[in-house]
């Protein structure tokens, strides 16, 4: 039985849509999306290991392959044979991993500001060292101080101006910093298995969402499409890394249109 905390909304007879949050997130990040999709989809939101209410005793279960197996076990428990996947950032990396390794279980994948990991071993090592520094900061600092420094990163420069930023910030404070540190070490970009060499194998429809102001992930989306020409890219104007938070309406429109095609 899966140990992942989840919330299921909507009729089980409708197509299943799985939501996977990013680092520091939880099932509550997707409340607005469930309100929009629940009339047409059965919506499954999951707290990934170290986040929200998912607490796992075994550190190895925080790694991406183990987390993916837990998610498949959850789908089996719920008797859901196939699903659509929508993942943001860390959740997007997991969604892509699931699409590569369990292609028969999924129908379409939406990746928001996500990557296939790192292809170069030197870059992987550097990122692991960076994630280790962040993990140690989580263990030593007050969580509020860590979050203030985190959201001052250039990647999130638009967020602090958003009218709902304080509400989101307060939700982040509900996490356990030690569990977040474990997630960084086990499921960070440097630790996950690189999926670059597997992109050409993906036959599922994939939508890559990137913010206009998020140059890094716009470039990554282009590079991913070069590996698999069937991937579709949509760049959302005036947005940075967190499209679903910065422009809910456009995010929902892009996701809904892709799922309906």
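Values quoted throughout were computed directly from the atomic coordinates according to the rules given, and no laboratory measurement underlies them. Since this is a predicted model, take the numbers as computed values, not measurements. Cβ placement follows ideal geometry from the backbone for every residue including glycine, while neighbour counts extend to all protein chains displayed.
Some points to look at:
- Residues of the range 30-58 with amide N under 13 Å of a point placed 7 Å along Cα→Cβ from residue 252: 30-40
- Peptides 161-167, 137-143, 3-9, 89-95 ordered by average Cβ neighbours within 10 Å, highest first: 89-95, 3-9, 137-143, 161-167
- Each residue, residue 76 and residue 170, gets one label point 7 Å from its Cα in the Cβ direction; the gap between the two is 4.1 nm.
- Across the alpha-carbon atoms of the range 193-235, the computed radius of gyration and Dmax are 10.3, 30 angstrom.
- Gain on full stretching of the segment that runs from residue 14 to residue 152 - 0.36 nm per residue minus C-alpha separation: 45.6 nm
- Note on the chain: helix-only mean residue ellipticity at 222 nm, from DSSP H runs of 4+ residues weighted -39500 (n - 2.57) and normalised by residue number, equals -13000 deg cm²/dmol.
- Estimated at 0.36 nm per residue, the fully extended path between residue 261 and residue 201 surpasses their Cα-Cα distance by 19.5 nm.
- Spin-label pair residue 3-residue 55: with each label point 7 Å from Cα along the Cα-Cβ axis, the two points sit 1.1 nm from one another.
- Shape call, the range 147-261: gyration tensor on alpha carbons, a/c limit 1.5: oblate
- Computed from label points 7 Å out along Cα-Cβ, the spacing between residue 228 and residue 35 is 3.3 nm.
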